[in-house]
Amino acid sequence: MSETDPVKLMKQEVGRAAAAQVKSGSIVGLGTGSTTAYAIQFIGDRIQSGELEDIQGIPTSFQASVLAKKHGIPLTTLDEVSRIDIAIDGADEVDPQKNLIKGGGAAHTREKVVDSLADHFIVVVDSSKLVDRLGSTFALPVEVLPMAIAPVTRALEALGGKVELRMGVKKDGPVITDQGNMVLDVTLEGIDQPAELEKTLNNIPGVLDNGLFIGVADEVLIGEVKDGQATVRTM
Ligand code: 5RP
């Protein structure tokens, strides 16, 4: 990918804008994905330059934990702290009400724990993630206990979904989450009542959590490229 790749430029700038909002003394939820990776890098840069002090990160995945260590961000856990000041995380779809579909990186269960606890949750996306209706471009990820894959698949099909077990890339067999579970991707072709669906899905025995984030985001930063120039706007 070249430096002028527009998607990379959008992700970089939106990551930089989110990282700029972190204040010294904060406990920071560190999201997962290629856009958040830039935010983690820029938070690390601010720590290394002395601009940010006394930061503790709470990673939402193995990936976030590895990146935080690489960029010199000290980590803590939810056993050690009772609150999170700010969380920064990506999304796969964002609707006009700031509701999200997440889980493209199979990390949505831990992401929902961390992002929901934050006083201020910032979503970082490029403009391709904006949709009028959730579920119109991206299949909804559902994390499932391996022994419950068959009954949960049947329950999701009964709700009208087309269900696919997420398979690994450069790994034979299914994707295994950081918690040792599997992911079912459910195509619904548009979700009319996302808040109800989030609860319905989580009531199916064997489901850990699904990728609907309803009423969780406080701020959405959108990266755009115009005339080769990356800009960031707030939804
Ligand atoms: C991981 C996620 C990611 O935040 C989401 O998939 C967006 O990733 P990217 O910034 O790489 O497009 O939910 O589970």
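In table form, for the structure just shown:
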{"item": "Identity of the residue in region 87-99, touching a strand residue (DSSP E or B) at 6+ places or on another chain (Cβ under 6 Å) and more than 8 Å from the ligand (Cβ to nearest atom), that ends up farthest from S34 (Cα to Cα)", "result": "K98"}
{"item": "Residue list for region 30-76, restricted to those being small (G, A, S) and more than 13 Å from the chain's Cα centre (by Cα)", "result": "G44, S49, G50, G57, S65, A68, G72"}
{"item": "Sole residue being free of Cβ contacts under 8 Å to residues at least 60 places away in the same chain and not aliphatic (A, V, I, L, M), chosen from G104, G29, G72, G33", "result": "G72"}
{"item": "Hits in region 167-192 (condition: in a loop (DSSP other than H, G, I, E, B) and either under 13 Å from N210 (Cβ atoms) or touching a helix residue (DSSP H, G or I) at 6+ places or on another chain (Cβ under 9 Å) (or both))", "result": "I176, T177, D178, Q179, G180, N181, L188, I191"}
{"item": "Candidate set: region 115-157, residues that are away from the ligand (no atom under 14 Å from the Cβ) and part of a loop (DSSP other than H, G, I, E, B); chosen: the one surrounded by the most Cβ atoms within 10 Å (Cβ to Cβ)", "result": "G135"}
{"item": "Qualifying residue in region 67-76 (condition: within 16 Å of the ligand (Cβ to nearest atom) and either at pLDDT 95 or above or basic (K, R) (or both))", "result": "yes"}
{"item": "Pairs where the first residue, in region 107-134, is under 15 Å from D92 (Cβ atoms) and the second is away from the ligand (no atom under 14 Å from the Cβ) and assigned to a strand (DSSP E or B), C-beta under 6 Å, 6+ apart", "result": "S127/E224"}
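The values are calculated or read from the model by the stated rules, or taken from the named source; none is laboratory data. Only a predicted model underlies this, so the values are computations on that prediction, with no experimental measurement involved. Note that we place each Cβ from the backbone using ideal geometry, even for glycine, and neighbour counts take in every protein chain shown.
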